[in-house]
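Have a look at the structure below, then the notes.
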Amino acid sequence: MTQLLTLEDSDALVDFETRNKAWFEAWVPARPEAYFDKDQFPSVLAELIDGMSASSHLLFVRYQDNQIVGRFNLTNINAGQADVGYRVCQDYLGQGIASAGVAFLKRVAVNELNLTRLVARAATTNTANNIASQKVLLKQGFDKQPNAQERVEFGSKVIVLEQFAVNL
């Protein structure tokens, strides 16, 4: 079940981030250390939730087997569009969780926010080619946007993020 992130998700979210830290950091820059500290994270989460609104960002989590297996976000909500982001637990890859989460975000975007466009990014370089995310986005109706790339440096890596978009 995918649901809006709440303060009650704090311990489960620390567990999710900790269990998948190395996996996520292979694809995206590291989270701040407070994300992995059960004492510090509640204040981080409170700030995220306090700032959450239909005019800025909405954060969701998906539970399965009594643990968080995915995070799904609509961010930069503005002028009829939003950015899509998600993370799925490494142990649950290939089970349709990412596809279901992106489909959920599309329904929220249309039915609750009246958005007309969603944008997502996926790594496409040799050092970090996230083919799985690209497939999820294409399966959910996103199209790769020509000449819409972003270079991101983290650690010793430079990755290229390709932009994908869907009109709703």
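Relative contact order for region 1-138: what percent, with Cα pairs under 8 Å and sequence separation of 6 or more?
Dividing the mean separation by the residue count of region 1-138 yields 21 percent.
Largest accessible area first, the listed residues Lys38, Lys21 line up as Lys38, Lys21 when surface is computed with a 1.4 Å probe on the assembled protein chains. Looking at region 46-159, the accessible area is 53 square angstrom per residue; that uses a 1.4 Å probe and ignores ligands, DNA and RNA.
In the context of the full set of protein chains, region 1-44 has a per residue accessible area of 55 Å² (1.4 Å probe). Normalising by residue count, region 1-66 has a Cα convex hull of 102 Å³ per residue. Taking the accessible area of the chain, probe 1.4 Å, and keeping the other protein chains in place, the carbon and sulfur fraction comes to 48%. Restriction of the trypsin sites (Lys or Arg not before Pro) in region 114-168 to DSSP coil positions whose beta-carbon has at most 12 other beta-carbons within 10 angstrom yields no sites. Among residues other than Asp39 with Cβ under 13 Å from its Cβ, the summed charge is -2 (Lys and Arg +1, Asp and Glu -1). Here's how it looks for Val69: its modeled amide H is under 5 Å from those of Arg62, Tyr63, Gln64, which are all 5 or more places away or on a different chain. Rounded to the nearest 20, the size of the Cβ-charge dipole of region 62-168 about its Cα centre is 120 debye, with Lys and Arg at +1 and Asp and Glu at -1. Across all Cα atoms of region 42-168, the radius of gyration (one decimal) and Dmax (whole number) stand at 14.8, 42 Å. Here region 123-168 yields Rg over Rh of 1.01, to two decimals, using C-alpha coordinates and the Kirkwood radius. Taking all protein chains as shown and a probe of 1.4 angstrom, Ile68 keeps an accessible surface of around 0 Å².
The values are calculated or read from the model by the stated rules, or taken from the named source; none is laboratory data. The structure presented is a predicted model; accordingly, all values stated were derived computationally and were not measured. Cβ: placed from backbone, ideal geometry, glycine included. Neighbour counts: every protein chain shown. When the accessible area is computed, the model is the full protein with side chains, heavy atoms only, and any ligands, DNA or RNA have been set aside. Shrake-Rupley method; radii C 1.70, N 1.55, O 1.52, S 1.80 Å.
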